[in-house]
1. Let's test the formula: R0 of 56 Å, r as the Cβ-Cβ distance of LEU20 and MET543. What FRET efficiency results, to the nearest 0.05?
2. If you put +1 on each Lys and Arg Cβ and -1 on each Asp and Glu Cβ, how big is the dipole of region 199-293 around its Cα centre, in Debye rounded to 20?
3. Under the rule of -39500 (n - 2.57) per DSSP H run of 4 or more residues, summed and divided by the residues of the chain, what mean residue ellipticity at 222 nm is obtained, to the nearest 500 deg cm²/dmol?
4. Given points 7 Å out from each Cα along the Cα-Cβ axis, report the LEU502 to SER119 separation in nanometres with one decimal.
5. Report, in degrees rounded to the nearest 10, the 0 to 90 angle that the Cα long axis of helix 93-104 makes with the longest principal axis of the chain.
6. At a threshold of 8 angstrom on Cα-Cα distance, excluding pairs fewer than six apart, so keeping six or more, what relative contact order does region 204-245 reach in percent?
7. Can you grab the distance from the C-alpha centre of region 306-366 to the C-alpha centre of region 509-567, Å, no decimals?
8. Taking the Cα atoms only, what angle lies between the long axis of helix 390-421 and the longest principal axis of the chain, rounded to 10 degrees?
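Derivation of every value follows stated rules applied to the coordinates shown; laboratory data play no part. This structure is a prediction, so every number in the text was calculated from the model and none was measured. When we count neighbours, we look across all protein chains shown, and the Cβ atoms used for this are built from the backbone with ideal geometry, even at glycine.
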Amino acid sequence: MAEPSKTESAPDAVLNQSPLFQDINLFSTDVAMQQAVARECGPARDMEPLSQFGAACGSKEAGELGRLANENPPKLMTHDSQGQRRDEVEFHPSYHQLMEVSAGQGLKGALWDHLDPRSLKASAKSTPPPGGHVYRAAGLYMAAQMESGHCCPITMTNAAVPTLLLQPDVAARWLPKIQAREYDARFLPMQEKTSVTLGMGMTEKQGGTDVRQNLTSATPVSKAGSGATYTINGHKWFMSAPMSDAFLVLAQATGGLSCFLVPRFRDDGARNGLRFQRLKEKLGNRSNASSEVEFDNAHGWLIGDEGRGVSSIIEMVTYTRLDCAVSSAGLMRSAVAQALHHCRFRQTFGKPLADHVIMQQVLADLAIEVEAATSLVFRLARAFDHTGDTRAHAWRRLMTPITKYWVCKIAPAVVAEAMECLGGNGYVEAQPLARIYREVPVNAIWEGSGNVMALDVMRVLQKEPEVVEVVMDELAQAVGDDTHLKAAYARIETCLHEPRTLEIRMRMLVESLATLAAGAILRSHAPDAVADGFIATRMGSNMRQTYGQGLEWTDAKSIVDRATPEF
């Protein structure tokens, strides 16, 4: 008997589903990001490599790698079959392939290509290419959308370089293999590898953020002092990327809390005394390993002077905070792009979801939030490109914690609303949005939680008033004649002149500075509909706690069209 033909009413017919969100060029389909990169990077950089990377990150193959890496999380192998210590973490092959993609783009160390390891002892300064941090930020923004977990060792390796440069003799050994656009996953001594990655260990059980309570000790093997070898004993409650080739670690030396580079192998090729206890079972970030470790006479080199550990490692932390903000903005963009894509194709009540006025308001509101965050993170990246400039230094010092605070804080709400746009389809594991939703809270926690960022800003206000003055002068010029921006600026000025209530208001002040800066950037560079919508709803008098409100007077359709990726 012949098999009956399928009709549109057959139970297994698939109707009115949006096309799979894959094979999307994450660069060429993101107008706001393209414009932010061009604006902050300058005309000297060729954007074609970013477009090629955007195609790779948005490909069907990359999406499959991300899925596999998260469904097959890393495993800790403490011992071999004979009971000898291994202390190795095994990853699914997909994770290593993701690392190869991002390392090949230069995200883990090519930013420092202008540094010549042979001349570091004479000077750690040379001329970097224009817009290098902005250009790298664009790559990380897209790599996070490809798969966010693998970005941890990518970020840590890149960010370790400014700290390593405090000890030029150590940096000279490690820098060439950090700069390499390769990824070498082999568990071997550094000198036998083509490329290395670095991690970090700061916090302990008893102290967490308060690293002054750290108990891990460091004793010089022979002589003490910068660059000397010490033995490290103690533990770390969180140590990132445990298969890295070395870690920047805080430990107590005679002179106080100090910073050390602790490799996985000693100079003689023997395994170093890092005893991994377990991997953390995290809410998200599952492709990436986060570990607990004990140090058993582990060898490490002192970076900088004894007692200067926090000031040494803060160089690394500053760069990681930039990356937290950039990757959060990228994850927001990914979630909203998928919501826009779905609503463009999904038909309800006779027309696309995106054409229903109430949905259009929500989508426009989300698109505005993403563009504001994207504009702010790339403006911050530009400040890292001009460290010798007083105004850029001030923006970097004050606006790094502010940008990190605000962008990472708003990301979970944006992703949740974007997921709701897909209804039940967005909530199931077959869609990437569930993974993104689990991922987004981490950047607000790692590298300094919200209160840590707010207190960092307070320290700037109290100890570096000249920095605040420079940034406020720039914002004063940027607000122009916009009524809402001027009022927001005046409220901030009033708050700054009430030091007795400063700490209790710090989170409000940080958020106000972030939205003011973002609003000023949008007013100068975004279409009027985007700028008007953001400024009126984020700085106006109407209180709101959910998206899709207050935009009834804007051209919501033009905002949605600007943000929707072409398919």
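1. Computed FRET efficiency for LEU20 and MET543 comes out at 0.90.
2. 200 debye
3. Rounded to the nearest 500, the figure is -16000 deg cm²/dmol.
4. Calculated label separation equals 4.2 nm.
5. Relative to the chain, helix 93-104 is tipped by roughly 90 degrees.
6. Dividing the mean separation by the residue count of region 204-245 yields 36 percent.
7. Value for the Cα centre distance between the two parts: 14 Å.
8. Helix 390-421 sits at roughly 50 degrees to that axis.
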